[in-house]
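The values are calculated or read from the model by the stated rules, or taken from the named source; none is laboratory data. Since the model is a prediction, treat every value here as computed from it, not as a measurement. We place every Cβ from the backbone using ideal geometry, glycine too, and count neighbours over all the protein chains shown.
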Ligand code: NA7
């Protein structure tokens, strides 16, 4: 048990306040409670799950293997919970989150339907004052913002977007009540990971589905399926092995790049390997492919060409296939949506693809969508138009550090962090899975962060310290490293949420350093070097 961190005589309400009941917030709560800290977690939604609470659109599911995504902090939990599918759907995942918080009696420290609006550092107390939308205020030594990188939904900037009189939904604000597409003319705007999953489902029952695509993405088969009793046994027996595999992979997934150049193998072997990865379960075609595919244009052209051929094989009408081929970027340089019969949807008579590059939006009217070449009458519109990604959820809170500095101002040209976890000028503040932290499988990254933070808080307590922030030069050095790593990757030359470009958010036309692109190994090496030095990279008192 930690000694009472409030022994200094302050009257703080809690030792730690955590924002967000997604994977990262829950991991932080578990670890900080283990230290004996008095914690309070605030969550906007009325239940746990974060992304899996809000993204309840039809077809929403993991594309990391379920057993690599769930929490690893408890072998007992891993042994008890039976995932039904290799890639769990949203309803089962939401149940899992509820099971976890009940199983570990976390609910008593969680406050739902409680949106945090502001967090101000009070230097006189070395503490954070956190305000909720309700007007309640609480103070705590430590603040952990597990607000997630894909949290704040964005509507498209199209004239009349509020004018539509039919049913309208954003994928990330899908209602809890059932939504039927039967007999309806449905329009889906957006073909990112959420759009692709939605489209596959809506196409099954809609009278007519019109897909509005601005940028085509490379989509690859998910190969989901039920976990058989035999597989279940194997999964249960492989807890340590799974942990070892994800922790030794490049981005905390079960898949990791092959440490060979695609040019080291014969064209026949290369083709066989691509084919094998394409037909295998999960994201191996992207995350488990030759290491140079995402950094070398010539190598990337080979896998991009393979994917082009796959799209042409699967889509009957060659003109539609050409529209579905991403000609403006290479494979794996944007998020790869994983799909089940996505391309085959375009062979159905009830589905139309509108290429917005050729025929852009003009406006939305009460009864449909007008593009440059005509009017599409609609009963329902679905916005799968993504998020103000990576920084949006942080900037939606008025976060103020020392000397009245706002986080939003510090990040006006893009996020600036140390390890994606801490920020100079914002003491005692942690961001599990924050901007520029180790990218990939978020529960794994944030579980590592939760452990890191807990170890650090224990260290602070043991040394009687109450204030910590990264040194400015250390933060600058980390940013240089992150920039250099991002620039090595072809994705740095492409507009997407990976590079912070968003046409629906003001001032976001320039690419930024948004994600940590070096390996999880390199990331941990850096994070652990700090620990080993007695946290020399931090200002502490
Ligand atoms: P994404 O990946 O950001 O996709 C958003 C989609 O919406 C994408 O196809 C966009 O086209 C499209 N979009 C956005 N704004 C517009 C406008 N104004 N007009 C037309 N089309 C538009 O969000 P998702 O929710 O699919 O996925 C986010 C992540 O969540 C995903 O990567 C997973 O990790 C989970 P664009 O590509 O910008 O041309």
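See the values below:
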{"quantity": "Some residue of the range 150-165 being under 25 Å from the mean Cα position of the chain (by Cα), modelled with pLDDT of 95 or more and more than 13 Å from the ligand (Cβ to nearest atom)", "calculated": "no"}
{"quantity": "Output for the range 493-513, where each listed residue is away from the ligand (no atom under 13 Å from the Cβ) and surrounded by fewer than 18 Cβ atoms within 10 Å (Cβ to Cβ)", "calculated": "493, 506, 507, 510"}
{"quantity": "Residue 453 vs. criteria surrounded by 22 or more Cβ atoms within 10 Å (Cβ to Cβ) and more than 18 Å from the chain's Cα centre (by Cα)", "calculated": "yes"}
{"quantity": "Qualifying residues in the range 128-150 (those that are in contact with a strand residue (DSSP E or B) (Cβ under 8 Å, 6 or more places away or on another chain) and without any contact (Cβ under 8 Å) to a residue 12 or more places away in the chain) - the one nearest to residue 429 (Cα to Cα)", "calculated": "129"}
{"quantity": "Residue match in the range 120-141 (condition: within 16 Å of the ligand (Cβ to nearest atom), under 27 Å from the mean Cα position of the chain (by Cα) and surrounded by fewer than 17 Cβ atoms within 10 Å (Cβ to Cβ))", "calculated": "no"}
{"quantity": "Tally of residues being in a loop (DSSP other than H, G, I, E, B), more than 19 Å from residue 430 (Cα to Cα) and without any contact (Cβ under 8 Å) to a residue 60 or more places away in the chain across the range 509-541", "calculated": "5"}
{"quantity": "Any hit, the range 445-468, residues being in contact (Cβ under 8 Å) with a residue 60 or more places away in the chain and within 15 Å of the ligand (Cβ to nearest atom)", "calculated": "yes"}
